[in-house]
Amino acid sequence: MSIIHTHNITKTYNPDTVPVHAINGVTLSFNEGGFSAIIGPSGCGKTTLLNMIGGLERPTTGTVEVNGETINTKSKRALTEFRLKNIGFIFQAYNLIPVMSAFENTAFIMELLGWPRDKIKSRVMELLEAMDIADKAHQRPNQLSGGQQQRVAVARALSTRPKFILADEPTANLDSHATGNLLDMMLKMNEREKTTFIFSTHDDRVMRRARRLIKLDDGKVVDDARS
Amino acid sequence: MIVAYAWRNVWRNSTRSLAVILALATGLLGALFIAALANGMMDKWVKTAIDNEISDLQMHHPEYLITQELTSTMDQDRIAQYLKADSNIASYSFRVKVDGMAATANNSVQVTGLGVDPTTESEVTNIHHLVEEGSYFEDQSNFKSMVISRKMADKLKAGLKSKIILTLADAQGEIAYENFKVTGLFATNNTMFDESTIFVEKDQLARILKLEPGQVHEAAARVVDPDLLEVTVAGLNSSLGDVETESWKELNPTLKVTASTMDLYNYILVGVVLLALIFGIVNTMLMAILERTKEIGMLTALGLSRLKIAQMIIAETVFLCLVGSTIGNLLSFLAIGYFGRRGIHFEEFAEGFESFGLSAEVFPSIDTEMYFTITIMVVITAIFSSIFPIVRAFKLEPAEAIRD
């Protein structure tokens, strides 16, 4: 069942001065429980497409629907709430809150949603154990390795069981071993929690594990292969 | 969670935060200490004026206040009955008062002569304690005693045992004069008072003025509870319709206005200091926000609402300012407490101070309430200072912020 659908979306930056067409009419659907990767060379529009799916940017034309709901017409406030309740984000640079421990970083979104304390604690520990970093729960990001930080970021993204997770180059700063471990963890969660993962990447290691590869070039889908 | 996050953010760049905290603490210490000094001066001024000159309240014939006519007198026995009956009156004394000329062989000075009953007067004013040479009407010789200030003695080129002729117009409008012997020299810290007031015994002055027995110009009284002063004054005014009773605040409006506006001046002073500090606080918070552009963008992407972002920035600014104000208040409390007990003597400015009736020895003091009010002012300043950083944070677009 398709939970995300983009219909002929375009994105043009600086339309009034020097227009840059980042996305040129992309129509895509993503099914629930998928593990997809958007690939392509640098500047092909991977991050822009991911941002539009995640409601971080609005398409210049076209529509983005999530669960049948058009999100690109929502107000800023409604979009923020929508992201909070529906989407998990994983960023290239981990983007953890440096003054918070791994536990607190993982609990952050649940706290924002007002979950009860005991429920937060059990969910955080469940995720940190699944990510194999339960023993690092009280350490701050600067005390963790890059791989461990990204695992905390994955745990945070998964914490509220969002409908889908958008991961922008999640392995770009990781070595092979850490990348392998992280992908194992994400696949495990994809299977266990049926969470939809959409990556933007140009990392072969991610491409090999993805079940669907969407290739972008000059803002257009040039290939869409499923395995 | 937002509160804990904000608190930790304050200490992310501890050097920068400490700079603001120290600026705030130092600013408040300076402002509060100056306010305490001003309060101390004011308290001493009021206390000295009440103790040495005015007393808590005075009573006069209503006409006397306007014309200072010597015939506008009151019956002291009748007034004494009312004063005795009032439970808030601690002590009282009656005075005969006249303007005249005090002269020695060397000089003459225009004076206000106060005829007092030394025993009762000692219970309403402190002049007897301020006699530095001689005594306060304890000389039992046949001479009529006069107690004058050192400054007056200098002007008249007189000293202890000098003869002074007091010339005045009596109640019938005729010129009268009498010889007095200086038996006591006093010194207050009010130059104006010292250079214009002489004390003689009431009965002697009343005789010179040809007043009817038992007639006086002024009654001065001290109260048991100063907080009930206005009630006492109102009570006496309603019981004694033909006598006007006034508190020290009415008798010396300048003193009242200055004392009552002192708090306002102090708050304005602190307000100006806080206003100057706003720029530093805004700058620090702006730096903190700009340094965390990517983080705030990430938080917005994750779903942190604008309201929560505003709460976070306000909490951060309030924490920063509260730490500074707590240190500032604590240092002020210690400094004011120490100097409040020990006193500060402005030796070099003593003459200038005394010409305004102020003591050169100041005991800084401040109402405890002021610390709380200032803390509230600091919180308001912090909230105000966070507006600009909040606006900057709101302008961040999550996608752009993360990309940056």
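The values are calculated or read from the model by the stated rules, or taken from the named source; none is laboratory data. Fair warning: this is a prediction, and the values are worked out from it, not measured in the lab. Neighbour counts are summed over all protein chains in view; Cβ atoms, including those assigned to glycine, are modelled from backbone coordinates with ideal geometry. Note: accessible area is taken over every heavy atom of the protein model, side chains too, but ligands, DNA and RNA are not part of it. Shrake-Rupley method; radii C 1.70, N 1.55, O 1.52, S 1.80 Å.
Here is how the numbers come out for the structure above:
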{"read-out": "Scan of segment A:112-125 for residues that are within 20 Å of A:Gln149 (Cα to Cα), within 20 Å of the chain's Cα centre (by Cα) and either open to solvent by 10 Å² or more (accessible area, probe 1.4 Å) or of a type in the set (D, E, K, R) (or both), ordered by number", "value": "A:Arg123"}
{"read-out": "Check on A:Met207, within 13 Å of A:Leu158 (Cβ to Cβ), touching a residue at least 12 places away in the same chain (Cβ under 8 Å) and either open to solvent by 90 Å² or more (accessible area, probe 1.4 Å) or of a type outside the set (Ser, Thr, Tyr) (or both)", "value": "no"}
{"read-out": "Qualifying residue in segment A:118-139 (condition: touching a residue at least 40 places away in the same chain (Cβ under 8 Å), more than 13 Å from chain B (Cβ to nearest Cβ) and not small (Gly, Ala, Ser))", "value": "yes"}
{"read-out": "Segment B:386-398 residues that are within 14 Å of chain A (Cβ to nearest Cβ), paired with ones that are exposed (fewer than 15 other Cβ atoms within 10 Å of the Cβ) and assigned to a helix (DSSP H, G or I) (beta carbon under 7 Å, 6 or more apart)", "value": "B:Phe394/B:Arg306"}
{"read-out": "Selected residue (only one of B:Ala350, B:Ala382 is in contact with a strand residue (DSSP E or B) (Cβ under 9 Å, 6 or more places away or on another chain) and not assigned by TED's automatic domain parsing to the domain that holds B:Phe193)", "value": "B:Ala350"}
{"read-out": "Residue ranges of strands (runs of 3 or more DSSP E) in segment A:1-109 with at least 3 members touching a helix residue (DSSP H, G or I) at 6+ places or on another chain (Cβ under 9 Å) and within 14 Å of chain B (Cβ to nearest Cβ)", "value": "A:87-90"}
{"read-out": "Qualifying residue in segment B:319-333 (condition: within 14 Å of chain A (Cβ to nearest Cβ) and farther than 30 Å from B:Thr258 by Cβ)", "value": "yes"}
{"read-out": "Residue identified as more than 30 Å from A:Glu57 (Cα to Cα) and β-branched (Val, Ile, Thr) among B:Thr258, B:Thr293", "value": "B:Thr258"}
{"read-out": "Selection within segment A:1-19 - at pLDDT below 90 and touching a strand residue (DSSP E or B) at 6+ places or on another chain (Cβ under 8 Å)", "value": "A:Met1, A:Ser2, A:Ile3, A:Asn14, A:Pro19"}
{"read-out": "Residue match in segment B:64-72 (condition: of a type outside the set (A, V, I, L, M, F, W, C), out of contact with any Phe, Trp or Tyr (no Cβ under 6 Å at 6 or more places or on another chain), open to solvent by less than 20 Å² (accessible area, probe 1.4 Å) and farther than 22 Å from B:Ile165 by Cα)", "value": "yes"}
{"read-out": "Residues within segment B:1-15 that are facing chain A (nearest Cβ under 7 Å) and in a loop (DSSP other than H, G, I, E, B), tallied", "value": "2"}
{"read-out": "Test: residue in segment B:72-81 that is under 29 Å from the mean Cα position of the chain (by Cα) and either outside any helix (DSSP H, G or I) or under 30 Å from B:Ile327 (Cα atoms) (or both)", "value": "no"}
{"read-out": "Residues of segment B:101-112 that turn out to be within 23 Å of B:Ala49 (Cβ to Cβ) and either in contact with a helix residue (DSSP H, G or I) (Cβ under 6 Å, 6 or more places away or on another chain) or open to solvent by 50 Å² or more (accessible area, probe 1.4 Å) (or both), as a count", "value": "2"}
{"read-out": "Helices (runs of 4 or more DSSP H) contained in segment B:290-404 and holding at least 2 residues under 24 Å from B:Val272 (Cα atoms)", "value": "B:306-342, B:368-385, B:387-394"}
{"read-out": "Enumeration of residues in segment B:113-153 that are within 26 Å of the chain's Cα centre (by Cα) and hydroxyl-bearing (Ser, Thr, Tyr)", "value": "B:Ser122, B:Thr125, B:Ser149"}
{"read-out": "Unmet criterion (only one of (1) touching a Pro at 6+ places or on another chain (Cβ under 6 Å); (2) within 11 Å of chain A (Cβ to nearest Cβ)) for B:Leu286", "value": "(2)"}
{"read-out": "Residue count for segment B:122-146, restricted to those that are over 23 Å from B:Lys163 (Cβ atoms), open to solvent by less than 50 Å² (accessible area, probe 1.4 Å) and free of Cβ contacts under 8 Å to residues at least 60 places away in the same chain", "value": "1"}
{"read-out": "Flag if B:Glu291 is in contact with a Pro (Cβ under 9 Å, 6 or more places away or on another chain), within 14 Å of chain A (Cβ to nearest Cβ) and either surrounded by fewer than 22 Cβ atoms within 10 Å (Cβ to Cβ) or farther than 25 Å from B:Phe33 by Cα (or both)", "value": "no"}
{"read-out": "Verdict on B:Val378 being away from chain A (no Cβ under 14 Å) and within 37 Å of the chain's Cα centre (by Cα)", "value": "yes"}
{"read-out": "Hits in segment B:306-318 - residues which are of a type outside the set (A, V, I, L, M) and either open to solvent by 40 Å² or more (accessible area, probe 1.4 Å) or more than 14 Å from chain A (Cβ to nearest Cβ) (or both)", "value": "B:Arg306, B:Lys308, B:Gln311, B:Thr317"}
{"read-out": "Filter pass, B:Ala85 being among the aliphatic types (A, V, I, L, M), more than 11 Å from B:Phe199 (Cα to Cα) and open to solvent by 50 Å² or more (accessible area, probe 1.4 Å)", "value": "yes"}
{"read-out": "Matching residues, segment B:12-25, being open to solvent by 20 Å² or more (accessible area, probe 1.4 Å), within 21 Å of B:Asn329 (Cβ to Cβ) and touching a helix residue (DSSP H, G or I) at 6+ places or on another chain (Cβ under 7 Å)", "value": "B:Ala23"}
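Rundown of residues vs (1) on the phi < 0 side of the Ramachandran plot; (2) without any contact (Cβ under 8 Å) to a residue 24 or more places away in the chain, yes/no style:
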{"position": "A:Ile9", "(1), (2)": "yes, no"}
{"position": "A:Pro19", "(1), (2)": "yes, yes"}
{"position": "A:Ala22", "(1), (2)": "yes, no"}
{"position": "A:Gly25", "(1), (2)": "no, no"}
{"position": "A:Ser42", "(1), (2)": "yes, no"}
{"position": "A:Met52", "(1), (2)": "yes, no"}
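Each row is one residue, and each column tells you yes or no for (1) open to solvent by less than 10 Å² (accessible area, probe 1.4 Å); (2) in contact with a His (Cβ under 7 Å, 6 or more places away or on another chain); (3) over 21 Å from A:Leu144 (Cβ atoms).
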{"site": "A:Pro170", "(1), (2), (3)": "yes, no, no"}
{"site": "A:Leu183", "(1), (2), (3)": "yes, no, no"}
{"site": "A:Asn190", "(1), (2), (3)": "yes, no, yes"}
{"site": "A:Glu193", "(1), (2), (3)": "no, no, yes"}
{"site": "A:His202", "(1), (2), (3)": "no, no, yes"}
